Structure formats: C-alpha cells, structure tokens
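Asker: Sharing a structure here in structure tokens format.
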Amino acid sequence: MTRAAVLAGVGATVPPRVVTNDELARRLDTSDEWIRTRTGIVQRHVIDPGMTTGDLAVEAGQRALKSAGTTTVDLVVLATTTPDRPCPATAPSVATRIGLVGVPAFDVAAVCSGFLYALQVGADAIAAGHAERVLVIGAETFSTILDPADRSTAAIFGDGAGAVVLRAGQPDEPGAVRHVQLGSDGSMADLITVRGGGAEERSGGRPPLPEDAYFRMAGKSVFFTAVRRMAESSRTVLERTGWQVTDVDRVVAHQANVRIIHAVAEQLGIPADRAVINIDRVGNTSAASIPLALADGAADGRLTPGDRVLLTAFGGGATWGAATLTWPDVMVG
Ligand code: COA
C-alpha cells in the first residue's frame, strides 16, 4: 500500500501578554465594536520585548513532539514570515534548541499559507521515503513588523506558534494527510507586503524609507480573492480526495477574518458551525494560524478522532492552498 504522512502530534503556544480591543482603542482610532464586527477578533497575544519567533517555535515544537511521544525527527520545516534574522533561516536554531542537532532544517516563506506549504513539504518527504518523522512548525511574531499607527493591520494580527509531527503510515489510517493543493499568483505581491529590508531596497540606490519597514495589507482588495481562492482550492482537494462537501466534518481555515471563514464555508455549502474558530482569542497569526486552531480544536473537543477535516488558507504572495486529513486520536502536547 502507498506510504502516507500521518499526523501523530500537535502542540501550540501563544505569548502570555494579551492585548484586548479596548487596549488598542486607547491608542488608535478604532473600537472594540468595529474590530469584533468586522473581523471577529476580541483579543490577540503579543510577545514581550526580547522574545522572538524562534522562542515560540521551540515551545510549539517541543509540545508537538511530546504529543507524538517522540524526541526525534528526520526533518524540521518552519513556516514563518517573521524569521529571527533575514539570514540565516530560523529553523536550524529552533531544531538545535529542541535537541535536533544535525537534522535538516529550513524555513518556508508563504505568509499566511505557510503552514500548508510546509505541510506539503513534510508529507512529501515522508511519502518519498526520505523521512520517517517530520516536525512542521508555523510560528510568527507579526507584532515586530506591524506599524503601530496603522489601525487596519494592528487590530488584526497577533503572535503565536503551532506545530505538528508527521510520521510514516498508511493513507487509510486516522491522521493521514490525504491531499494537499497549493497555488500562487505573484501579480498580487503588492497587496500584502513588507517593501523594505530585501534586495529590492538595498540595490535601489536610494535611502530606505522608514515606512517600508512595516507590513502593509490592502485588506479590501484581498478579501474577495481570499474567499474565491480558498473555496476553489478546497473544491480541488476535496475532489482529489474523493470527498463530497457533505463528508467534511470540520473546516480549519486560516484565521484571517471570521467573515472570510464563513464566506468560504457558504461558497462550499458547508454549514458555518463546522468551522473551527479561534480568531476571537488569538487574532490572525499568519503561518501559525492553522496549527494553533488544530491544537485548540483538539484540546476543546471540536476535533474528534475520525473527523474528516478540510484545511484551507490564503496569504501574501499571493499564495493559497487546501488540504484534507482525518483527525487522529491525539492528545495536545
Ligand atoms: N478600526 C476602525 N476602522 C477601521 C479599522 C479599524 N481597526 N481598520 C480599517 N478601518 C476603516 C478603514 O479605514 C475604512 O475607512 P474609510 O471607509 O473611511 O476609508 C473602513 O474602516 C472600511 O475599511 P475596509 O478595509 O473596507 O474594511 P473591511 O470591512 O474590508 O475590513 C479587513 C478590513 C482588513 C478586516 C478586511 O478587509 C479583511 O479581513 N481583509 C482580508 C484580509 C486577508 O484575508 N488577508 C490575507 C491573509 S492574512
């Protein structure tokens, strides 16, 4: 029988400091009411000075390994938009801090779709026989790239990390990753971007602009494309899996905006109450969002063993994707 990647462990973490909508409204021209009704967000977690993406990734990775009951993997893939440094990648340092010295480790950059991209890399490594176990982490500290004066992004993003351990198994086992479908369209690069800090700025021959250091998102332009691409990608992956929309027990979509998640469910014809939502508590944590929602859903019983789960995301690039898996009998680490 074909070899498949099977989800064997899940763990997540958020930094202790909570920033409520009311706290934001004390320094920005916004309100709890606007943020709740337009996005579904009530609060987000934010790192304290000195903490980094790597710190959150280590914690989430350790929890996922504990959940899987293992201390070893053959590959570490870290999805992040907010690496600790532009160079080197954050994954090798995370792997070493977890005790995985010598294991190949690298970062994947696909913004809010990053976890699905990393999941595909990990699942493919197992399917090809290059790895028996893979640690896939999504970790972000968007608070380090947000413009504190920009209410349209400061209200939305939060910090956090989530991780899963994949192991070699069979496609009909609970936890098996059934299919992953990914896509991108670089003509949308300017809609979700940090302009500064890269080769474009450094070779441009003009002094860097301070505002280019910050993350920018043309939210309205992105909204409908995000819904369309997530719905299309979901249909493709469901078809490849041989599932009807009525077969889907749970949708774990990237937590960009509760209105986006409900619109995707509606376009697919899946009841909105099948969507696992945790954006109210953590905001949009970009590449960390899906594994954080998986950990939350597993911890509070919204994900139960045997559930047929649809994952989907859209992010900067533009990038998007969807995946199908069955939920395993797993304790959150
Ligand atoms: N508080 C109060 N008003 C705000 C605000 C805030 N935090 N953020 C934006 N506004 C204002 C805007 O300035 C605008 O004012 P104007 O009409 O005077 O110009 C008004 O609210 C409407 O803005 P708009 O962007 O149309 O709001 P929206 O309903 O589209 O919601 C987002 C904004 C960002 C929440 C929404 O567009 C969104 O979620 N977009 C998709 C994000 C996404 O999927 N990203 C990809 C993955 S991360």
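The values are calculated or read from the model by the stated rules, or taken from the named source; none is laboratory data. The structure presented is a predicted model; accordingly, all values stated were derived computationally and were not measured. Note that we place each Cβ from the backbone using ideal geometry, even for glycine, and neighbour counts take in every protein chain shown.
Asker: Looking at region 9-28, is at least one residue within 16 Å of the ligand (Cβ to nearest atom), charged (D, E, K, R) and assigned to a helix (DSSP H, G or I)? Write out each step before concluding.
Answerer: Filtering region 9-28 for residues within 16 Å of the ligand (Cβ to nearest atom) gives 19-28.
Now restrict to residues that are charged (D, E, K, R): 22-23, 26-27.
After this cut, where a residue has to be assigned to a helix (DSSP H, G or I) as well, the list is 22-23.
Yes, that holds for at least one residue.
Asker: Taking region 266-298 only, how many residues are within 15 Å of the ligand (Cβ to nearest atom) and in a helix (DSSP H, G or I)?
Answerer: 11
Asker: Which residues, taken from region 139-159, are acidic (D, E), surrounded by fewer than 21 Cβ atoms within 10 Å (Cβ to Cβ) and more than 9 Å from the ligand (Cβ to nearest atom)?
Answerer: The one that is acidic (D, E), surrounded by fewer than 21 Cβ atoms within 10 Å (Cβ to Cβ) and more than 9 Å from the ligand (Cβ to nearest atom): D147.
Asker: Shifting gears a bit: Name every residue in region 160-183 that is buried (at least 18 other Cβ atoms within 10 Å of the Cβ) and of a type in the set (G, A, S), in order of residue number.
Answerer: As a first pass, look at region 160-183 and keep what is buried (at least 18 other Cβ atoms within 10 Å of the Cβ): 160-169, 175-182.
Within region 160-183, G160, A161, G162, A163, A168, G169, G175, A176 meet the criteria.
Asker: R167 fails exactly one of the following numbered conditions: (1) away from the ligand (no atom under 16 Å from the Cβ); (2) closer than 23 Å to W320 by Cα; (3) part of a strand (DSSP E or B). What is the number of that condition?
Answerer: For R167, the failing item is (2).
Asker: Could I ask something else about it? Please find, among G129, G160, G138, G197, the residue that is touching a residue at least 12 places away in the same chain (Cβ under 8 Å) and either out of contact with any helix residue (DSSP H, G or I) (no Cβ under 8 Å at 6 or more places or on another chain) or assigned to a helix (DSSP H, G or I) (or both). I'd like the intermediate steps shown before the answer.
Answerer: Working: G160 fails: either out of contact with any helix residue (DSSP H, G or I) (no Cβ under 8 Å at 6 or more places or on another chain) or assigned to a helix (DSSP H, G or I) (or both); G138 fails: either out of contact with any helix residue (DSSP H, G or I) (no Cβ under 8 Å at 6 or more places or on another chain) or assigned to a helix (DSSP H, G or I) (or both); G197 fails: either out of contact with any helix residue (DSSP H, G or I) (no Cβ under 8 Å at 6 or more places or on another chain) or assigned to a helix (DSSP H, G or I) (or both).
The unique qualifying residue is G129.
Asker: Among (1) among the aliphatic types (A, V, I, L, M); (2) more than 16 Å from the ligand (Cβ to nearest atom); (3) surrounded by fewer than 23 Cβ atoms within 10 Å (Cβ to Cβ), where does A218 come up short?
Answerer: Exception for A218: condition (2).
Asker: Kindly evaluate A323 against the criterion of being away from the ligand (no atom under 16 Å from the Cβ), of a type in the set (A, V, I, L, M, F, W, C), crowded, with 21+ Cβ neighbours inside 10 Å and within 13 Å of the chain's Cα centre (by Cα). Step through it out loud before you land on a result.
Answerer: On the way: away from the ligand (no atom under 16 Å from the Cβ): yes; of a type in the set (A, V, I, L, M, F, W, C): yes; crowded, with 21+ Cβ neighbours inside 10 Å: yes; within 13 Å of the chain's Cα centre (by Cα): yes.
Yes: the conditions hold for A323.
Asker: Sticking with this one: If you check T52, T71, T39, which single one turns out to be in the same structural domain as G138 (by TED's automatic domain parsing), without any contact (Cβ under 8 Å) to a residue 40 or more places away in the chain and surrounded by fewer than 24 Cβ atoms within 10 Å (Cβ to Cβ)? Step through it out loud before you land on a result.
Answerer: On the way: T52 fails: without any contact (Cβ under 8 Å) to a residue 40 or more places away in the chain; T39 fails: without any contact (Cβ under 8 Å) to a residue 40 or more places away in the chain.
Result of the check over T52, T71, T39: T71.
Asker: Here are the criteria: (1) within 26 Å of R229 (Cα to Cα); (2) buried (at least 21 other Cβ atoms within 10 Å of the Cβ); (3) away from the ligand (no atom under 13 Å from the Cβ). Tell me which single one G114 does not satisfy.
Answerer: Looking at each condition in turn, G114 falls short on (3).
Asker: Next question. Report yes if A256 is of a type in the set (G, A, S), part of a loop (DSSP other than H, G, I, E, B), within 16 Å of the ligand (Cβ to nearest atom) and crowded, with 17+ Cβ neighbours inside 10 Å, otherwise no.
Answerer: Numbers: of a type in the set (G, A, S): yes; part of a loop (DSSP other than H, G, I, E, B): yes; within 16 Å of the ligand (Cβ to nearest atom): yes; crowded, with 17+ Cβ neighbours inside 10 Å: yes.
For A256, the condition - of a type in the set (G, A, S), part of a loop (DSSP other than H, G, I, E, B), within 16 Å of the ligand (Cβ to nearest atom) and crowded, with 17+ Cβ neighbours inside 10 Å - is met.
Asker: I would also like to ask the following. For R44, which of the numbered conditions (1) more than 13 Å from the ligand (Cβ to nearest atom); (2) of a type outside the set (V, I, T); (3) under 23 Å from A155 (Cβ atoms) fails to hold?
Answerer: The single condition R44 does not satisfy is (1).
Asker: Which one is nearest to the ligand (Cβ to nearest atom), of the residues in region 29-41 that are part of a loop (DSSP other than H, G, I, E, B) and farther than 26 Å from V332 by Cα?
Answerer: Out of the qualifying residues, it is T30.
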